[in-house]
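The values are calculated or read from the model by the stated rules, or taken from the named source; none is laboratory data. Since the structure is predicted, the reported quantities are computational estimates derived from the model, not experimental observations. Methodologically, a virtual Cβ is constructed for each residue, glycine included, from the backbone with ideal geometry; neighbour enumeration extends over all protein chains shown. With ligands, DNA and RNA removed, areas are computed over all heavy atoms of the protein, side chains included. Shrake-Rupley method; radii C 1.70, N 1.55, O 1.52, S 1.80 Å.
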Amino acid sequence: MPRIALVTCRPGPEVSVDRDLPGLAGALREAGADARAVAWDDPDTDWAGFDLAVIRSTWDYSWRAAEFLAWARRTGAVTRLANPAEVVAWNADKRYLGELAAAGVPTVPTRYLAPGEPAELPDGEYVVKPASGAGARFAARYTPDEHDTAVRQLARMHEEGFTAMVQPYVRGIDSSGERALQFFGGRLLHASRKGAVLAPGTPYDARKTAHPGLTPWRPTDTELAVAQRALAAVPDAPELLYARVDLVDDEEGRPQVMELELVEPNLFLSLHTGSVAGVVEGILDAARR
Ligand SMILES: Nc1ncnc2c1ncn2[C@@H]1O[C@H](COP(=O)(O)OP(=O)(O)O)[C@@H](O)[C@H]1O
Ligand SMILES: [Mg+2]
């Protein structure tokens, strides 16, 4: 009986509950596994006692990144961790988008501003967000006449030690939304589409709805091809148990990568109940290896 940890976080005011978790744990147990949900920062957990630890919903990690990455390294040293600790470390820092772009993957054009670097801001509408972030936390959208507010956001992020990302506001998201292609065990599991998150004028420190208007989506061949290229560009071709590629359309309607999520992608299983079996199979396969 494989012993499987589904790694989550403790509930808190800043994190949403992982609604997939009880059903997934139940389905794994039905399939003969000893599966349970465990918070990554639970001090009493003996990670070596699991055959596999699957990072599922450690949604507080982005503001505790150093602590979380240290946990991933330690845990990966005593059990099989999925995704592997090196992948988690690479993907936790959104400078990976620059690497994808350098590898020729269509990506949202991004400028990085580390603490101490001057605020160079674009002429058109743009987005400022942290290079370590999730759930649109600390992300905001600005017009050129709002530069002062953007500069204040940058200063606050820099004070807290965050590198900032500046991107043009991708207008295509307002018409064609953002498509999330989800892979599990190396295969496309399902895809979803969601609406734009950043409304004009919403303060960067306001809490946002991370997945507005989520619906199932059938990916186009072009979307699939871009997602596959993004996955193929991950350094050292690691084994990925799960991956989510988020795409938005550029001015010409061509999909480009907004985010490649290899740490703790929400699987949206309540929207895709038929995918539970595929997730269970992928996890059991990984636990047996
Ligand atoms: N350049 C952009 N243009 C338009 N919308 C953006 C842009 N960057 C971020 N957003 C919006 O903010 C959301 C969160 O940004 P994202 O880069 O996906 O970070 P995370 O999901 O890790 O917080 C996106 O889903 C999208 O709705
Ligand atoms: Mg995102």
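The figures follow:
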{"quantity": "From Val7, Val15, residue being β-branched (Val, Ile, Thr) and buried (at least 22 other Cβ atoms within 10 Å of the Cβ)", "calculated": "Val7"}
{"quantity": "Some residue of segment 167-177 being within 16 Å of ligand 2 (Cβ to nearest atom) and of a type in the set (Val, Ile, Thr)", "calculated": "yes"}
{"quantity": "Some residue of segment 124-147 being surrounded by fewer than 16 Cβ atoms within 10 Å (Cβ to Cβ), within 24 Å of the chain's Cα centre (by Cα) and small (Gly, Ala, Ser)", "calculated": "no"}
{"quantity": "Any strands (runs of 3 or more DSSP E) falling wholly within segment 185-289 and containing at least 1 residues that are of a type in the set (Ser, Thr, Tyr) and on the phi < 0 side of the Ramachandran plot", "calculated": "187-194, 242-249"}
{"quantity": "Top-ranked residue in segment 18-34 [being crowded, with 17+ Cβ neighbours inside 10 Å and touching a residue at least 60 places away in the same chain (Cβ under 8 Å); ranked as farthest from Ala70 (Cα to Cα)]", "calculated": "Ala27"}
{"quantity": "Matching strands (runs of 3 or more DSSP E) fully within segment 58-157 where at least 1 residues are within 16 Å of ligand 2 (Cβ to nearest atom)", "calculated": "126-130, 140-142"}
{"quantity": "Members of segment 93-104 found to be open to solvent by 10 Å² or more (accessible area, probe 1.4 Å), in contact (Cβ under 8 Å) with a residue 24 or more places away in the chain and of a type in the set (A, V, I, L, M), listed by number", "calculated": "Ala103"}
{"quantity": "Options Leu181, Leu188; residue that is in the same structural domain as Asp249 (by TED's automatic domain parsing), closer than 24 Å to Tyr242 by Cβ, open to solvent by 40 Å² or more (accessible area, probe 1.4 Å) and touching a Pro at 6+ places or on another chain (Cβ under 8 Å)", "calculated": "Leu188"}
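Yes/no per residue for (1) charged (D, E, K, R); (2) out of contact with any Pro (no Cβ under 7 Å at 6 or more places or on another chain); (3) within 15 Å of ligand 1 (Cβ to nearest atom):
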{"position": "Ala230", "(1), (2), (3)": "no, yes, yes"}
{"position": "Leu241", "(1), (2), (3)": "no, yes, no"}
{"position": "Asp249", "(1), (2), (3)": "yes, no, yes"}
{"position": "Leu262", "(1), (2), (3)": "no, yes, yes"}
{"position": "Ser270", "(1), (2), (3)": "no, yes, no"}
{"position": "Gly274", "(1), (2), (3)": "no, yes, no"}
{"position": "Val280", "(1), (2), (3)": "no, yes, no"}
